[in-house]
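Asks: This is the structure I want to talk about, given as structure tokens.
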Amino acid sequence: MNTLFDLLLAPFAVLSPIWGLTLISALAGVVLVLLYGRVSNQRKLREVKRAIGAALYESILFRRDLGVSLRAQARMLKGAGHYFVLALPPLAILLVPCILLLAQLQVRYGVRPLTPSESTVVAVKLTDSQPLKGLALQTDGSIEATAPVRIPSLHESIWRITPHSTGTFNISIPAVEITQPIEVGQEVVRLRPLTSRSFWDTLLYPSDLTLPPLIESIEVAYPERSYAPFGVTMHWVIMFFLISLASGLVAAKVFHIEV
Amino acid sequence: MAISRRTFIKAASLGSVAASLPKRSWASSSTVSRTHRSAKVVVLGMDGMEPSLLRRFMNEGIMPTFKRFLEGGGSLQNLATTMPPQSPVAWSSFISGTNPGGHGIYDFIHRDPATFTPYLSTSRSSGSSKHLEIGGYKIPLVAGKMDLMRQGPTLWTTLEEHDVPATVFQIPANFPVTSASTRAVSGMGTPDLLGGYGICSYFTDDYVTGMKSDGAKIRRVRVIDHKVEAKITGPRNTFKDGEPETDVPFTLYRDPWEPTLRIDILGQRIVLREGEFSDWVPISFELLPYFASIGGVVRFYAKQVHPRLKLYVTPINIDPMDPAFPICSPPEYSRELAEAVGRFYTQGLPADTKALQNGILSDDDYLRQAKIVLEENLRVLHHELDRFHEGLFYFYFSSLDQNCHMLYRNMDPAHPLYDPKASEEVKNAVRYFYRQMDLALKDTLAKVGSDATVLIASDHGFGHFTREFHLSSWLVQEGYTKLKVPLGETEGDVYNIVDWSKTRAYALGINGIYVNMIGREKNGIVAPTDAQALKDEIAAKLIAVTDPQNGNAIISNVYDSLRIYSGPFMALAPDLQVGYRPNYRVSDEGILGKFPATIIGDRTNKWASDHCIDPIFVPGVLLSNREIRIQDPAIWDMAPSILTLMGLPTPRSMTGRNIFAV
């Protein structure tokens with residue numbers, strides 16, 4: 001999955017993060033709407049929408065006749081419920097690629113690599129507190145690390161690392177046989193902020209690292225990317241949502257897809 | 001009435017004072033045409049640069065740029081300073097081009113004659129006057145106020161009128177920032193988030209007996225399984241009945257074997273080694289759940305990890321990324337700076353001198369912090385120099401002033417508080433900071449080009465402070481101030497133990513004495529017609545005071561405000577200003593009107609060098625790459641000189657001269 005997204009998103013990596021995210025969001029909106037058109041019952045959706053429209057028209061036309069107006073409104077409500085039921089399965093199907101895409105975007109556009117001299121923390125959680133005392137972080141000369149803070153009650157050890165130059169560097173913890181790459185620079189690359197045994201963490205933070213038996217998780221606290229389109233600071237997910245929504249609505253109009 | 005979220009947040013802080021300050025117009029007035037081509041003028045304000053130290057260090061070869069600057073045609077002269085030679089007063093004269101009577105700042109501390117309440121002289125705040133009370137919360141309906149107390153036109157008022165760009169970084173007595181088109185960040189006088197000059201927090205499992213809590217919130221904590229749960233106390237929540245203190249909890253983990261610790265606070269994890277300061281950590285205090293909060297920034301310092309935990313937390317600085325108070329103009333300027341060079345100290349007195357005085361920080365700890373302050377300053381300096389092309393660029397350094405106050409004693413083995421065991425780094429700290437000023441000048445000269453006028457100015461010099469004079473107690477002893485209890489028999493504060501019906505004069509602030517005047521003071525007893533005779537009598541007696549330890553006179557001059565000040569803002573001036581001889585100054589107790597039992601004693605506090613004495617002993621310095629053509633330049637000459645240099649008219653309120661003309 002990581003390799004697939006690496007290939008799909010590679011063309012956008014040459015752009016600045018804000019433009020890359022904008023283009024991906026716009027394309028995602030179009031693709032998701034097209035997909036929705038394929039997996040939904042468009043004929044039934046159209047019928048229900050027409051019925052809702054007719055009921056709305058009826059309720060306006062006969063607004064002086066309370067009985068007719070109320071019945072029309074009841075049909076509108078029923079139609080809306082029907083529409084919801086029809087839309088739910090395709091939306092549930094779309095949720096799968098959506099989550100996968102968002103997770104992949106999170107490790108590329110949600111967080112950014114470190115810059116030289118910028119510190120962050122690396123935290124390792126073990127399945128057992130026994131080996132904690134012997135944990136040591138090894139780095140090459142490009143990254144400086146503090147002594148660890150080991151917390152037996154949490155089975156956890158944490159270091160502060162500070163890179164001195166740009167590039168991809170490996171830090172390793174020989175006692176538990178793990179090596180973690182650290183990205184330093186300006187490029188949009190796939191980061192590995194969290195590798196965990198937890199299903200949800202694995203889903204939301206795709207990583208290709210293999211955890212040795214003693215390790216529960218390893219985390220690098222990469223900084224969040226900040227986006228300020230038109231001077232308005234916003235979380236990247238909000239930006240993705242707004243752009244994909246706009247492009248999706250346009251695509252629906254162009255391709256005559258009921259959404 | 002609709003109240004915006006921003007209004008809520010601002011109204012809640014510092015007693016609702018920050019709310020609804022009027023939005024400033026950032027764009028230059030369209031009615032002002034650009035009729036003057038501005039010259040390039042750079043002013044490096046090096047607070048507390050002492051002429052004798054400058055010459056000494058130039059001779060020692062540690063300030064080669066200054067030396068070359070002078071050898072290349074630059075001028076160096078002593079710069080006469082204000083009475084009193086205190087930074088807010090002197091820099092206000094720099095800003096206004098006039099004596100204190102023209103700007104209304106006479107001391108760090110002023111008093112309200114109607115209530116005798118002392119307050120910080122450069123700004124005043126007042127909370128919201130109308131509230132809506134809902135279920136234990138007080139919703140402000142009218143915003144609070146925060147006012148700059150420095151009066152009169154400024155140097156940059158004229159620059160703005162003539163569309164000359166200006167950047168003014170951290171000049172004292174400029175909070176809240178009120179300029180229109182000048183880019184400015186406030187300096188000395190800017191409070192921390194608690195509203196004072198800076199209150200740090202200190203967490204320890206050690207015994208804290210003997211440690212003064214003045215200027216610090218000292219918390220004894222329990223370390224259980226190498227874990228500590230604690231809270232940083234924030235500002236009072238003026239949205240709530242009773243205005244309880246807000247707080248932010250944090251968890252600290254200590255490595256069982258190494259001198260390292262981890263702090264978890266508001267989703268952030270900080271790893272520190274012993275002896276290390278953290279980066280700035282943003283924190284936020286909730287005022288109204290899910291609706292209003294106020295944010296600031298702190299640095300943690302792992303003073304000691306084992307065997308006892310000692311964690312220092314800086315005063316909560318206003319966050320330059322999202323300032324809760326008007327520390328800059330335009331409103332986005334501090335954020336823009338912080339994004340470019342990182343967050344920086346916004347507190348007016350950045351290095352925590354109180355923490356060193358209280359024994360929370362050692363000389364070495366303090367020096368680490370002082371170096372961080374300077375590093376941040378230099379980053380901003382370089383950033384601004386890179387984009388300075390025309391107009392005025394003023395940049396302020398607090399380092400010489402703060403670090404001479406605290407560490408000059410360790411440079412001089414003759415000082416009674418010289419510590420022979422101090423580290424070489426501490427002993428050479430003053431040299432280090434002078435050297436850094438030299439490097440700052442070097443970078444400045446390299447970047448501004450030869451067409452710029454470069455001025456280096458300090459507001460006063462420095463001297464040792466080894467003996468302290470309890471002026472308030474002396475006034476009691478001489479019968480001018482009458483107490484309800486015998487002298488020294490109470491720890492009572494300021495004026496609750498003063499018998500105003502029999503008090504003719506009282507002291508407040510660092511140099512001031514006030515006559516208890518009928519019609520001005522709340523319980524005045526001295527007729528205005530009798531005031532002059534009383535002032536002359538007090539002055540004559542003070543001049544005659546000698547130090548019983550060595551027979552030396554303590555005071556060289558007592559200045560009558562009516563003779564040394566002129567201008568429209570005389571109302572708050574002390575009636576007399578006491579000019580001490582070198583080595584002497586008023587005691588800390590005397591500044592806020594406490595009454596110790598003795599009149600004079602040894603200075604035992606680490607704040608053991610000072611400048612709040614007779615200004616004739618502590619002139620500042622003025623260096624210029626243009627010839628200074630008058631013989632006795634003064635700090636109030638600077639604004640008129642800069643304006644004239646730029647071909648601009650000098651406002652009538654500026655009484656200073658042009659130093660570049662005969």
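The values are calculated or read from the model by the stated rules, or taken from the named source; none is laboratory data. Given the structure is predicted, the values throughout are model-derived calculations rather than measurements. We place every Cβ from the backbone using ideal geometry, glycine too, and count neighbours over all the protein chains shown.
Asks: Taking the conditions exactly as written (closer than 28 Å to B:L159 by Cβ and in a loop (DSSP other than H, G, I, E, B)), does B:H389 satisfy them or not?
Replies: yes
Asks: Moving on to the next point. Across segment B:63-89, which residue is surrounded by the most Cβ atoms within 10 Å (Cβ to Cβ) among those that are among the aliphatic types (A, V, I, L, M) and within 28 Å of the chain's Cα centre (by Cα)? Lay out the reasoning, then the answer.
Replies: Residues of segment B:63-89 among the aliphatic types (A, V, I, L, M): B:63, B:70, B:76, B:79-80, B:83, B:89.
Filter once more, so that each one left must be within 28 Å of the chain's Cα centre (by Cα): B:63, B:76, B:79-80, B:83, B:89.
Values: B:M63: 24, B:L76: 18, B:L79: 28, B:A80: 20, B:M83: 23, B:V89: 32.
By that ranking, first place goes to B:V89.
Asks: How many residues does segment B:207-220 contain that are modelled with pLDDT of 70 or more and surrounded by 14 or more Cβ atoms within 10 Å (Cβ to Cβ)?
Replies: 6
Asks: Can you pull out every residue in segment B:61-88 that is without any contact (Cβ under 8 Å) to a residue 40 or more places away in the chain and part of a helix (DSSP H, G or I)?
Replies: B:K67, B:R68, B:E71
Asks: Pull out all pairs, ordered by first then second residue, where Cβ-Cβ is under 8 Å, the residues are six or more apart or on different chains, the first lies in segment B:628-651 and is within 17 Å of B:K40 (Cα to Cα), and the second is crowded, with 24+ Cβ neighbours inside 10 Å and among the aromatic types (F, W, Y).
Replies: B:M638/B:F94; B:A639/B:F94
Asks: For segment B:265-282: of the residues being surrounded by 14 or more Cβ atoms within 10 Å (Cβ to Cβ) and more than 10 Å from chain A (Cβ to nearest Cβ), which is nearest to the chain's Cα centre (by Cα)?
Replies: If we take residues in segment B:265-282 being surrounded by 14 or more Cβ atoms within 10 Å (Cβ to Cβ) and more than 10 Å from chain A (Cβ to nearest Cβ), then B:W280 is nearest to the chain's Cα centre (by Cα).
Asks: Still on this model: Is at least one residue of segment A:96-116 part of a loop (DSSP other than H, G, I, E, B) and surrounded by fewer than 17 Cβ atoms within 10 Å (Cβ to Cβ)?
Replies: yes
Asks: Would you mind finding the one in B:I109, B:I105 that is touching a Pro at 6+ places or on another chain (Cβ under 8 Å), under 23 Å from B:V558 (Cα atoms) and surrounded by fewer than 22 Cβ atoms within 10 Å (Cβ to Cβ)?
Replies: Only one candidate qualifies: B:I109.
Asks: Among the residues of segment B:167-196, count how many are at pLDDT 95 or above, in contact with a Lys or Arg (Cβ under 8 Å, 6 or more places away or on another chain) and either surrounded by 23 or more Cβ atoms within 10 Å (Cβ to Cβ) or within 24 Å of B:A573 (Cα to Cα) (or both).
Replies: Residues that pass the stated criteria total 3.
Asks: A further question on this structure: Please go through (1) buried (at least 24 other Cβ atoms within 10 Å of the Cβ); (2) part of a loop (DSSP other than H, G, I, E, B) for B:L648 and return the number of the only condition it doesn't satisfy.
Replies: For B:L648, the failing item is (1).
Asks: Then there is this: Looking only at segment A:1-25, how many residues end up being in contact (Cβ under 8 Å) with a residue 60 or more places away in the chain, in a helix (DSSP H, G or I) and surrounded by fewer than 18 Cβ atoms within 10 Å (Cβ to Cβ)?
Replies: 4
Asks: If the requirement is being without any contact (Cβ under 8 Å) to a residue 24 or more places away in the chain, closer than 28 Å to B:I224 by Cα and not charged (D, E, K, R), which of these qualifies: A:T120, A:T127, A:T146, A:T168?
Replies: Every option except A:T146 fails the conditions.
Asks: Please work out if A:I158 is in a strand (DSSP E or B), out of contact with any Gly (no Cβ under 8 Å at 6 or more places or on another chain) and within 11 Å of chain B (Cβ to nearest Cβ).
Replies: yes
Asks: In segment A:130-155, which residue that is part of a strand (DSSP E or B) and at the interface with another protein chain (Cβ under 10 Å from one of its Cβ atoms) is farthest from A:E118 (Cα to Cα)?
Replies: A:I151
Asks: Of all residues in segment B:106-134, which are within 29 Å of B:Y565 (Cα to Cα), in a strand (DSSP E or B) and free of Cβ contacts under 8 Å to residues at least 12 places away in the same chain?
Replies: B:Y119 - this is the single residue of segment B:106-134 that is within 29 Å of B:Y565 (Cα to Cα), in a strand (DSSP E or B) and free of Cβ contacts under 8 Å to residues at least 12 places away in the same chain.
Asks: Can you find even one residue in segment B:256-263 that is buried (at least 24 other Cβ atoms within 10 Å of the Cβ), within 14 Å of chain A (Cβ to nearest Cβ), free of Cβ contacts under 8 Å to residues at least 12 places away in the same chain and among the hydrophobic types (A, V, I, L, M, F, W, C)?
Replies: No - not one qualifying residue is present in segment B:256-263.
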